[in-house]
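Take a look at the structure below.
Bear in mind that the values in this text are calculations on the coordinates, not laboratory data. No experiment lies behind these values; they were computed from the predicted model shown. Cβ coordinates were reconstructed from backbone atoms using ideal geometry, including for glycine residues, and neighbour counts include every protein chain displayed.
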Amino acid sequence: MSESGRRGHNSSGGRDGGGRDNRDNRGTRGDRSGSKRNAQGRERNRGPQRGFSTNAPSQRTRRADPARLVAFEVLRAVASEDAYANLVLPARIREHRLDRRDAGFATELSYGALRGQGTYDAILARCVDRPLDQLDPAILDALRIGAHQLLSMRVPAHAALDQTVGLARAVIGAGPSALINAVLRKVAAHSMEEWLDLLLDQETDATRIAALRHSHPEWIVRALRQSLVNHGRPASDIEALLEADNAAPVVNLVALPGLGDLDEALEQGATAGELVEGSAMSAGGDLGRLESVRQGTTRVQDVGSQLVARAVAGADVETSADGNERWLDLCAGPGGKAALLAALAHRDGATLLANEPAPHRAKLVQQALSAVPSATWSVRTGDGREVGSEEPESFDRVLVDVPCSGLGALRRRPESRWRRSPKDIADLGPLQRELLASAIDAVKPGGVVGYVTCSPHPAETTAVVSDVLAKRTDLELLDAGDALDRVSLGRELGAGHELTAQLWPHVHQTDAMFLALIRKKA
């Protein structure tokens, strides 16, 4: 199928998006006098007012459009292999050799179907004659792909139906393709707003309404509303926050200070970042073609991560006067913040120890740091909870970016919202507290610990900090909001609340990064 057909343009004269002649869909191949027989002599049980439909299953395409096939493979990997879409998608795009336009289509289809899964499943449940969990998972993924095209993309209905059924014929089978065809025809009978009106007709609970309208689990809607209030924002922000979670995120770049630059990226259409120096917003395309990206001196990194790393590097410390500071990244994998910290350490004459417990992730950290002169950094493979006792009061600055639920990065990891549960947050709490305690043991008197999460949930942010501080008398909170403002491009971010700071996708166009700066009293 041509790209023009896929995106709603018709530049092929009388042919539709599937390459078929649609100048007259009333039976041009048969007898217009009212006969029900087509040119091949086959008879359809239809009245004379309807002709032989070009949408009949026997006439549908039998091949899988490459862009849709990529999206299907991504959804299958996410569902069956517990894979991450942002890791699977680039490999599938390269494997199927998609051009830039098809790659963009596959990306929107993959991420959109994953983000909208909750809403699409509610709609599909109205169109299928059995519970969705009784469907073959591959059929359900194909239905989600079809539903996203029909309800949320500028794809003509006939093209969405034809190509999705063709995909099913090619990779699932002819029998399932008939079911998919029938179900998607029912889906196509209403627009998204009409479906939402039908689904919410008798609903009065605000949380359930928001969860269905914005395709989030109900518990996440409640958790995010609580998080907004906890960090000093109005609960009424919840609609804007949920909408931001569903928006395609901008790809941010960072040039490692003193080592990389953004000249090539800017020449290729990127725009300079507005929040932090050395950043840019990508114009799309294959960033691996940029020489600085291949060398590792320019990296893909959310601007929220850039801000918190720079805030830790720029915080006021009262430790060694000789300027030879030691820095520690306690949870360094896969290495994005560690690379930025190492470049800042190199610039400032400091050294960085990057710790990562998993050996395969420690290798990723080494790869990320390879663009920085090796004398500046070293990598330790081991449990971060042991660093504080093994090297007590040894570091001037410590970044502890703890494992968390990832509720602050739902726009970048669309499948995460369906994988997480409240139990995950409860289970992570003890580890987060132990890692923060180890970081505090490892920092020198007068040094600073930056506690960071990619989650705004109170149980992972302010509650952890409060619990750890309550057990010691030698700690004080610094103003994290002010620290972020000082490393931003002359902007008051308004992220601070009661000395901690919380960034938001709907306010700052970043991941929802939390930062607390804790100084051990000298």
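With contacts taken as Cα pairs under 8 Å and at least 6 residues apart, segment 331-380 reaches a relative contact order of 48 percent.
Axis of helix 85-95 versus longest Cα principal axis of the chain: the two differ by about 60°, to the nearest ten degrees. Note on residue 209 and residue 491: their simple-model spin labels are 3.2 nm apart, each label 7 Å out from Cα toward Cβ. Kirkwood hydrodynamic radius computed over segment 383-454 comes to 13.3 Å, based on all pairs of distinct alpha carbons.
Over all directions, how big on average is the projection of the convex hull of the alpha-carbon atoms in the chain, in square nanometres?
Numbers: hull surface 107.3 nm².
It is 26.8 nm².
Neighbours of residue 78 by Cβ distance under 15 Å: Lys/Arg scored +1, Asp/Glu scored -1, total +3. The alpha carbon radius of gyration of segment 148-228, expressed as a multiple of 2.2 N^0.38 Å, is 1.41. Summary value for the chain: 12 percent relative contact order, contacts being C-alpha pairs under 8 angstrom separated by 6+ residues. Exposure proxy for 250, 443: other Cβ atoms within 10 Å of each Cβ, ordered fewest to most, give 250, 443.
If you take the square roots of the eigenvalues of the alpha-carbon gyration tensor of segment 440-491 and sort them as a ≥ b ≥ c, do you get rounded (a/c under 1.5), prolate (a/b over b/c) or oblate? Don't jump to the answer; show the numbers that get you there.
Values: a/c = 2.32, a/b = 1.27, b/c = 1.82.
Oblate, because a/c is 1.5 or more while a/b does not exceed b/c.
Tell me whether segment 172-276 comes out rounded, prolate or oblate; compute the Cα gyration tensor, take square roots of the eigenvalues as a ≥ b ≥ c, and use a/c under 1.5 as the rounded threshold. Taking the square roots of the gyration eigenvalues as a ≥ b ≥ c, segment 172-276 is oblate.
Output the relative contact order of segment 351-422, whole-number percent, from Cα pairs under 8 angstrom with separation of 6+ residues. Working shown, then result.
Working: 49 pairs, mean separation 20.7, N = 72.
About 29 percent, as a whole number.
Taken as Cα centroids, segment 480-522 and segment 205-235 sit 22 Å apart, rounded to the nearest whole angstrom. FRET efficiency for the residue 96 to residue 477 pair, using the beta carbon distance and R₀ = 60 Å, is estimated at 0.75. Taking only Cα atoms, what is the 0 to 90° angle, nearest 10, from helix 422-442's long axis to the longest principal axis of the chain? Between helix and principal axis, roughly 30 degrees.
DSSP assigns beta bridges within the chain; of those with both partners inside it, close to 60 percent run antiparallel. Loop-located GluC sites (Glu not before Pro) across segment 457-516 with a Cβ neighbour count of 15 or fewer within 10 Å are 492, 498, with loop assigned by DSSP.
The convex hull of the Cα atoms of segment 227-354, projected and averaged over all directions, covers 9.9 nm².
Put a dot 7 Å past the Cα of residue 87, heading toward its Cβ, do the same for residue 268, and the two dots end up 2.4 nm apart.
The mean of 1/r over all pairs of different alpha-carbon atoms in segment 249-300, once inverted, gives a Kirkwood hydrodynamic radius of 10.6 Å. A simple spin-label model places pseudo-atoms 7 Å from Cα toward Cβ; at residue 289 and residue 229 they are separated by 5.0 nm. Taken over the Cα atoms of segment 469-522, the convex hull encloses 83 Å³ per residue. The orientation-averaged shadow of the Cα convex hull for segment 293-427, equal to a quarter of the hull surface, comes to 9.3 nm². Computed over segment 101-206, the quotient of the alpha carbon radius of gyration and 2.2 N^0.38 Å is 1.04. Per residue, the chain reaches -13500 deg cm²/dmol at 222 nm when only DSSP H runs of four or more residues are counted, each adding -39500 (n - 2.57).
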